[in-house]
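Structure, as structure tokens:
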Amino acid sequence: MKKLKNEPDLLKEAIRVGGLYLKKRGAGSFEDTDGQDLKVEAIYKLLVHDKLVQPLAKDQIDLPHMRHKLALWISKNLPGDHPLMK
């Protein structure tokens, strides 16, 4: 797993955008007290269910790989001139 440039910031943006997608999709919403791990897992599972990301291999389903997958997802969906892409 090759680390992306700005991966922690990309993950924060993925959680923000993923939370909006989750709410817009009608799949629920996050509380302020929900931890980052819960948010990462919920967003990852919804994106896999909606076929927006390819699922991880069974032996790679863990939080570090899910975080990386979300960072990849958001990096591919941000415009090229976005500050996180520079």
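Any read-out appearing in this document is the output of simple, stated calculations on the displayed coordinates, not a laboratory observation. The structure displayed is predicted, hence computed values, not measured ones. Here the Cβ is made from the backbone with ideal geometry for all residues, glycine too, and neighbour counts use every protein chain on show.
Sequence neighbours fewer than 8 away in the same chain don't count; with that in mind, list the aspartates and glutamates whose C-alpha is under 12 Å from residue 23.
Those aspartates and glutamates meeting the cut-off are 31.
Order the peptides 79-86, 49-56 from the highest to the lowest mean number of other Cβ atoms within 10 Å of their residues.
Values: 79-86: 9.8, 49-56: 12.6.
Descending packing order for the listed peptides: 49-56, 79-86.
Structure shown: which of 2/45; 24/76; 51/76; 45/86; 3/51 lie over 18 Å apart, alpha-carbon to alpha-carbon?
Values: 2/45 22 Å; 24/76 20 Å; 51/76 15 Å; 45/86 28 Å; 3/51 23 Å.
Beyond 18 Å between Cα atoms: 2/45; 24/76; 45/86; 3/51.
With 10 angstrom as the radius, rank 75, 29 by how many other C-beta atoms surround their C-beta, starting from the fewest.
On the way: 75 18, 29 11.
Placing the least packed residue first, the sequence is 29, 75.
When a/c is below 1.5 the answer is rounded, else prolate if a/b is larger than b/c, else oblate, so apply that to the stretch 1-80 with a ≥ b ≥ c taken from the square roots of the Cα gyration tensor eigenvalues. Before the final figure, lay out each step's value.
Details: a/c = 1.38, a/b = 1.21, b/c = 1.14.
Since a/c stays below 1.5, the shape of the stretch 1-80 is classed as rounded.
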